[in-house]
Amino acid sequence: MSLIPKKGTVYVVDDDEAVRDSVQWLLEGKDFRVRCFESAESFLSRYDPREIACLVVDIRMGGMSGIELQDRLIERKSPLPIVFITGHGDVPMAVDTMKKGALDFIQKPFKEDELVAVVERMLDHAKEVFADSQQAASRDALLAKLTSREAQVLERIVAGRLNKQIADDLGISIKTVEAHRANIMEKLNANTVADLLKIALGQTHGAHGNHAAHPAAVVKA
């Protein structure tokens, strides 16, 4: 196995040491980086939201439950995808987690290949969300370079207003509009109006740009 895992980090939170050990052994064997915690509280104290990762968590635990942990992460606007492990009697609870964005759940005893497939899907999602957030941060940094007047001109360019209309709107000359337009193009590194619109409108990967939805899979335990 390589010293640097290729596939990303998987947090495992379960108060059952045997479950933690078996999940860790399985996933490390598939070249994932695995970090185990015996409680939701200990996980929250060490979780780094900047890391591309997913969370495998038991739905029922002593202390804070898996559902309460999901609620805490939602409150923090964390995009961390969650894989819930649940028992047969916990399926109604698992359904509730799906209403909050869960994609799936796995019941114990789960099949190894099923857990691996869910984890891979969650990490793929985490990478897409991370790429979207990086793109949004880059866009915000570019737009922050604009003066307030340039921002007003850009807003009207995006709305499809012509230079003369923009000049009338803002009470400035057409030449001034053209100068602002040139400055905007330069500051946003845009070569064409199409490039300018893509930056201004924030082209993302569609649904993945919506960080409000909290992705969670539920592993039926």
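The values are calculated or read from the model by the stated rules, or taken from the named source; none is laboratory data. Bear in mind that the values here come from a model prediction, so they are computed numbers and not experimental data. So basically every Cβ, Gly included, is an ideal-geometry build from the backbone, and we count neighbours across all protein chains shown. SASA here: full protein model, heavy atoms, side chains in, ligands and nucleic acids out. Shrake-Rupley method; radii C 1.70, N 1.55, O 1.52, S 1.80 Å.
Looking only at the range 139-155, residues that are polar (S, T, N, Q) and either buried (at least 17 other Cβ atoms within 10 Å of the Cβ) or in a helix (DSSP H, G or I) (or both) come to 2 in all. Does the range 69-83 include one or more residues that are acidic (Asp, Glu), under 20 Å from Val129 (Cβ atoms) and without any contact (Cβ under 8 Å) to a residue 40 or more places away in the chain? Checking the range 69-83: at least one residue is acidic (Asp, Glu), under 20 Å from Val129 (Cβ atoms) and without any contact (Cβ under 8 Å) to a residue 40 or more places away in the chain.
Each row is one residue, and each column tells you yes or no for (1) under 18 Å from Thr9 (Cβ atoms); (2) β-branched (Val, Ile, Thr); (3) in contact (Cβ under 8 Å) with a residue 60 or more places away in the chain.
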{"position": "Asp21", "(1), (2), (3)": "yes, no, no"}
{"position": "Leu26", "(1), (2), (3)": "yes, no, yes"}
{"position": "Lys30", "(1), (2), (3)": "yes, no, yes"}
{"position": "Ser39", "(1), (2), (3)": "no, no, no"}
{"position": "Tyr47", "(1), (2), (3)": "yes, no, no"}
{"position": "Ser65", "(1), (2), (3)": "no, no, no"}
{"position": "Asp113", "(1), (2), (3)": "no, no, no"}
{"position": "Glu120", "(1), (2), (3)": "yes, no, yes"}
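The residue that is least open to solvent (accessible area, probe 1.4 Å), among those in the range 166-188 that are out of contact with any helix residue (DSSP H, G or I) (no Cβ under 7 Å at 6 or more places or on another chain) and part of a loop (DSSP other than H, G, I, E, B), is Ile172. A single member of Asp15, Asp21 is part of a helix (DSSP H, G or I), out of contact with any helix residue (DSSP H, G or I) (no Cβ under 6 Å at 6 or more places or on another chain) and either open to solvent by 10 Å² or more (accessible area, probe 1.4 Å) or polar (S, T, N, Q) (or both), and it is Asp21.
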